[in-house]
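The values are calculated or read from the model by the stated rules, or taken from the named source; none is laboratory data. Not measured: the values here are computed from a predicted model. Please note: Cβ atoms are built from the backbone with ideal geometry, for glycine as well, and neighbour counts cover all protein chains shown. These area figures cover heavy atoms from the full protein model, side chains too; ligands, DNA and RNA do not enter into them. Shrake-Rupley method; radii C 1.70, N 1.55, O 1.52, S 1.80 Å.
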Amino acid sequence: MAENLPPDPWWHGAFLYQIYVRSFCDTNEDGYGDLRGVIERLDHLSWLGVDGIWLSPTMPSPDQDWGYDVSDYTGVHPELGTLADLDDLIAAAADRNVRVLLDLVPNHTSSAHAWFVDASSATDSAHRDYYVWADPAPGGGPPSNWLDSTGRSAWQWDDRTGQYYLHNYLPGQPDLNWWQPAVHEEFRRILAFWFERGVAGFRIDVAHGLYKDQLLRDNPPALDDRSLDNRFGLRSVYNANRPETHAVYRDWRQIAESFAPPRLLLGETWTGDYGKLAQFYGNDDELQLAFNFPFVYAEFTATALSGTVERTLAHLPAGACPVWVASNHDVGRFATRWCGNDERKIRLALLVLATLPGAAVLYYGDEIGMADVDVPPALRRDRMTLTSKDPARSRDRGRTPMQWDASDGAGFTPARVRPWLPIGDNPTRNVASQSRDPDSTLSFCRRLVALRRAEFAGRLPIYQQLPAAEQAWAYDVGELTVLANFSDDELPLDHRVDEVLLASYGKEPPPDTIVLEPWQGIVARR
Ligand code: NOJ
């Protein structure tokens with residue numbers, strides 16, 4: 001009987017919200033956001049109606065990669081607060097029905113982590129095998145052709161112990177050796193530690209990483225320069241995306257489900273291959289959610305986006321919950337990348353995110369249409385892109401402070417404090433002014449979140465693409481029909497609906513003669 005079935009997981013039909021903590025709200029006036037700042041702003045998130053938040057790394061770190069170089073997996077970075085602050089945040093969020101996910105970094109640690117300090121002290125140290133060490137290649141030089149995220153060799157020579165160690169990211173981020181069972185044990189303990197504190201789940205950094213080829217074979221040349229599975233002209237065949245990694249997630253899924261309510265594993269599954277993306281869901285026994293990067297990188301056209309959605313849904317196993325996201329701390333903001341800061345396009349993008357089946361993720365500021373900020377070279381803080389072969393791709397542009405109001409510090413920090421990154425243009429792109437305006441992007445986004453909850457919460461509605469002109473994207477999803485115009489021209493459509501529920505901007509067209517404005521989308525009931 002239906003009432004005896006377990007309820008669908010909360011992330012089906014949910015909106016998650018990514019918070020880059022350092023840029024959300026600064027309460028101790030040091031120019032960096034902190035956990036108390038997140039607590040202070042929780043009312044905005046419950047007003048917006050999101051179901052959960054994912055906090056960018058909160059653990060102690062020397063910050064070579066702003067927290068993605070962890071030096072203690074069961075602590076809190078002193079610049080962000082204390083363990084007690086995090087406990088308070090989890091409790092305060094729970095009072096508002098908002099779950100808290102942390103960022104977990106299992107592919108590598110910081111070189112300042114006690115495991116690596118020990119591992120690099122002697123070849124026979126207790127933690128030596130926690131990391132990937134290798135002798136030089138027979139003719140000398142690095143053991144393989146693998147490249148790190150800046151385009152340099154992924155192997156760093158260690159003079160003290162006379163071997164190379166592997167770092168797929170910065171030299172200060174040595175890769176862990178997942179062939180070593182003790183590493184598995186450590187992470188089981190770390191997972192349980194946070195789950196017991198009430199953490200609702202993890203976003204798993206570099207979830208496609210973890211295992212590396214045991215023979216350290218060279219990566220083959222790239223076949224297609226634009227593929228997401230490449231790095232600087234090489235295909236990441238042997239230093240990532242190894243099949244053994246799936247066993248880790250089967251193990252973690254059991255741990256996640258041994259807690260009540262079950263905890264959520266959301267992977268940063270970096271691949272352009274839909275088949276590989278699907279594999280991260282396993283047989284409903286691995287990750288419950290896997291980020292979809294082909295969607296993130298799709299062009300903002302009806303054909304590209306709808307094609308990505310169709311291919312995703314065709315590949316995912318039955319019952320798997322897709323994830324739709326368009327901005328994050330690495331790729332920057334969709335308001336700029338997709339929409340060239342055109343408000344009509346920004347609203348259309350939000351409408352699409354809110355009406356696709358599965359889980360959707362907003363990046364802080366997406367709800368007000370926050371744009372990338374051109375950070376001058378002297379003010380850049382992202383070491384990875386600063387030392388990269390392609391420094392123009394600085395990730396700082398999408399990490400600037402949240403724009404809460406039109407004041408000098410944007411409500412992020414007092415005007416007299418210098419924020420860690422410059423603040424974007426905030427006269428109207430801010431929460432305070434947009435929350436007073438019923439026609440603002442923020443008010444529209446809030447209506448979308450409410451509509452999504454009312455229609456999709458705890459469900460995976462059926463998606464069906466409808467025939468439409470090339471610049472249009474038309475689909476049925478659950479009981480709704482979505483019609484979207486991806487062009488600069490008015491677009492008459494002959495789709496019939498019963499009632500238009502909302503339009504992304506301007507007037508709602510009558511249900512029997514639908515003519516969409518340029519870049520307008522509508523959600524209707526059939
Ligand atoms: C992916 C994270 O999103 C990114 O910010 C980080 O630099 C790398 N993983 C390395 O941890």
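Distance between the C-alpha centres of the range 404-430 and the range 70-124: 28 Å, rounded to the whole angstrom.
Panel note: the C-alpha atoms of the chain, placed on their principal axes, show extents of 76, 52, 50 Å (largest first).
What a 1.4 Å probe finds exposed on the range 247-291 is 48% carbon and sulfur by accessible area, rounded to a whole percent.
Once you have a ≥ b ≥ c as the square roots of the Cα gyration tensor eigenvalues for the range 178-229, tell me rounded if a/c is under 1.5, and otherwise prolate or oblate according to whether a/b is larger than b/c. Taking the square roots of the gyration eigenvalues as a ≥ b ≥ c, the range 178-229 is oblate. For the Cα atoms of the chain, what angle does the longest principal axis make with the long axis of helix 302-315, in degrees from 0 to 90, nearest 10? Approximately 60 degrees, to the nearest ten.
For the range 398-526, what % of the accessible area comes from carbon and sulfur atoms, probe 1.4 Å?
Roughly 47 percent, rounded to a whole number.
Distances over 13 Å make up what percent of all Cα-Cα pairs in the range 298-337? Everything past 13 Å amounts to 61 percent.
Compared with the dominant principal axis of the Cα atoms in the chain, helix 181-196 is inclined by about 40°.
Rank-order 439-449, 287-297 by packing density, defined as the average count of other C-beta atoms within 10 Å over each peptide's residues, highest first.
On the way: 439-449: 20.2, 287-297: 23.0.
For the peptides 439-449, 287-297, the packing ranking is 287-297, 439-449.
Only sites in a loop by DSSP and with at most 16 other Cβ atoms within 10 Å count here; which GluC sites (Glu not before Pro) in the range 279-318 make the cut? Hits after loop and neighbour filter: 299.
Rounded to the nearest 10 square angstrom, residue 508 shows an accessible area of 100 square angstrom against a 1.4 Å probe. Between the helical axis of 441-456 and the dominant principal axis of the chain, each derived from Cα atoms, what acute angle in degrees is found, rounded to the nearest 10? Result, in degrees: 90.
Computed extension length for residue 126-residue 91: 8.8 nm, one decimal, from 0.36 nm per residue of separation with the Cα-Cα distance subtracted.
Summing Cβ point charges (Lys, Arg +1; Asp, Glu -1) relative to the Cα centre of the chain gives a dipole of roughly 200 debye.
Using the 1.4 Å probe convention, the accessible area of the chain works out to 38 Å² per residue with neighbouring protein chains retained. Please state the shape class of the range 142-282: rounded when a/c is under 1.5, otherwise prolate if a/b exceeds b/c and oblate if not, all from the C-alpha gyration tensor. Cα axes put the range 142-282 in the oblate bin.
Across the range 219-338, Cα-Cα pairs more than 20 Å apart make up 49 percent of the total.
You can think of it this way: the chain between residue 158 and residue 498 has 115.5 nm of extra reach, that is 0.36 nm per residue less the Cα-Cα gap. Using the Cβ-Cβ distance between residue 184 and residue 407 with R0 set to 41 Å, the FRET efficiency from 1/(1 + (r/R0)^6) comes to roughly 0.25. Of the trypsin sites (Lys or Arg not before Pro) found in the range 401-441, those in coil by DSSP whose Cβ has at most 15 other Cβ atoms within 10 Å are 416. Residue ranges 369-375, 200-206 sort as 200-206, 369-375 when ordered by packing (mean number of other C-beta atoms within 10 Å per residue, highest first).
In the chain, the calculated helix contribution to ellipticity at 222 nm averages -7000 deg cm²/dmol per residue, counting -39,500 (n - 2.57) for every DSSP H run with n ≥ 4.
Computed from phi, the 3J(HN,Hα) profile of the range 113-119 under the Karplus parametrisation 6.51, -1.76, 1.60 (θ = phi - 60°) reads 5, 4, 4, 6, 4, 5, 4 Hz, with x in place of Gly and Pro.
Need the list of aspartates and glutamates near residue 212 for cross-linking: C-alpha distance under 13 angstrom, and skip anything on the same chain fewer than eight residues off. Straight-distance partners of residue 212: 175, 244.
So for the chain: antiparallel DSSP bridges make up what percent, rounded to the nearest 5? Taking every DSSP beta bridge with both residues in the chain, the antiparallel ones total about 60 percent. Under the rule a/c < 1.5 gives rounded, and otherwise a/b versus b/c splits prolate from oblate, where does the range 1-89 land using the Cα gyration tensor? Here the range 1-89 falls in the prolate category. Extension gain for the segment residue 489 to residue 137, taken as residue separation times 0.36 nm less the Cα-Cα distance, is 120.7 nm to one decimal. Using a probe of 1.4 Å, the accessible surface attributed to residue 324 totals some 0 Å² when neighbouring protein chains are kept in position.
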